[in-house]
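Visitor: This structure is in structure tokens; I'll ask about it shortly.
The values are calculated or read from the model by the stated rules, or taken from the named source; none is laboratory data. The shown structure was predicted, so the numbers you read here are calculated from the model rather than taken from an experiment. Because the Cβ atoms are built from the backbone with ideal geometry, glycine has one as well, and the counts that use them run over all protein chains shown.
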């Protein structure tokens, strides 16, 4: 339970931090794509008897760079590249799972999230890479915002937009793969998108939007983990439902 809280709070902070740039660039589908790529990495890890989290991170990072390279080359439209990687990685995961004789309990927990699967080594990995993600966003905050708002103007102004785009998608890959033990492969994109969309309804400045998105995300994760523990529910689904409830409540209050 304590390990779940530690990992969950770290993920709750970094997910909206990266998610806001993806949402504003209308690139939210990348989270779904990378989550399916991470599933293939998890399957490889379980098959080769190595840490599934490390395998998922490697698979997500390599694929994220390849996706961005395809997008930059303009040989394939961005949405098409995402669809290719999403369907291809899912197919690879299914094939690897068949080699491992079907869906085991471990793989099921990675699909939907489980507090029990979080090991102490996972907490150390999530903590270290979480600090790396936050540090990278702080270091390149102005460049990330500029490229998000107007990529062409940023390029004309001398900002290395190719590097910033690759940096963003790699950070997204880290975030997606790290969130798998808590939220699960099928629900990580919701944690990156729903708190951000909810905070955007408040119509505040960029920094305040990030703050409230993080606040909503942390509250959703803590509440979801507590409810899932005492009611014996899936933590990933519970966390997302709490976040979705806050979003619906925000829309209702806004309308009134």
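Visitor: Restricted to the range 152-184, and to residues that are without any contact (Cβ under 8 Å) to a residue 12 or more places away in the chain and in a helix (DSSP H, G or I), which residue is surrounded by the most Cβ atoms within 10 Å (Cβ to Cβ)?
Guide: 154
Visitor: More than 10 Å from residue 192 (Cα to Cα) and buried (at least 24 other Cβ atoms within 10 Å of the Cβ): does that describe residue 48?
Guide: no
Visitor: Name the residue, out of 57, 67, 11, 18, that is surrounded by 19 or more Cβ atoms within 10 Å (Cβ to Cβ), farther than 21 Å from residue 221 by Cα, touching a residue at least 60 places away in the same chain (Cβ under 8 Å) and under 12 Å from the mean Cα position of the chain (by Cα).
Guide: Testing whether each residue is surrounded by 19 or more Cβ atoms within 10 Å (Cβ to Cβ), farther than 21 Å from residue 221 by Cα, touching a residue at least 60 places away in the same chain (Cβ under 8 Å) and under 12 Å from the mean Cα position of the chain (by Cα) leaves just 57.
Visitor: Assuming residue 88 fulfils every condition listed in (1) surrounded by 17 or more Cβ atoms within 10 Å (Cβ to Cβ); (2) over 19 Å from residue 133 (Cα atoms); (3) at pLDDT 80 or above apart from one, which condition is it?
Guide: Residue 88 satisfies every listed condition except (1).
Visitor: Inside the range 228-253, can you point out the residues that are part of a helix (DSSP H, G or I) and surrounded by fewer than 16 Cβ atoms within 10 Å (Cβ to Cβ)?
Guide: Matches in the range 228-253: 229, 230, 231, 244, 245, 248, 249, 251, 252, 253.
Visitor: Filter the range 222-256 for residues that are at pLDDT below 90 and under 21 Å from residue 21 (Cα atoms) and give the result.
Guide: 240
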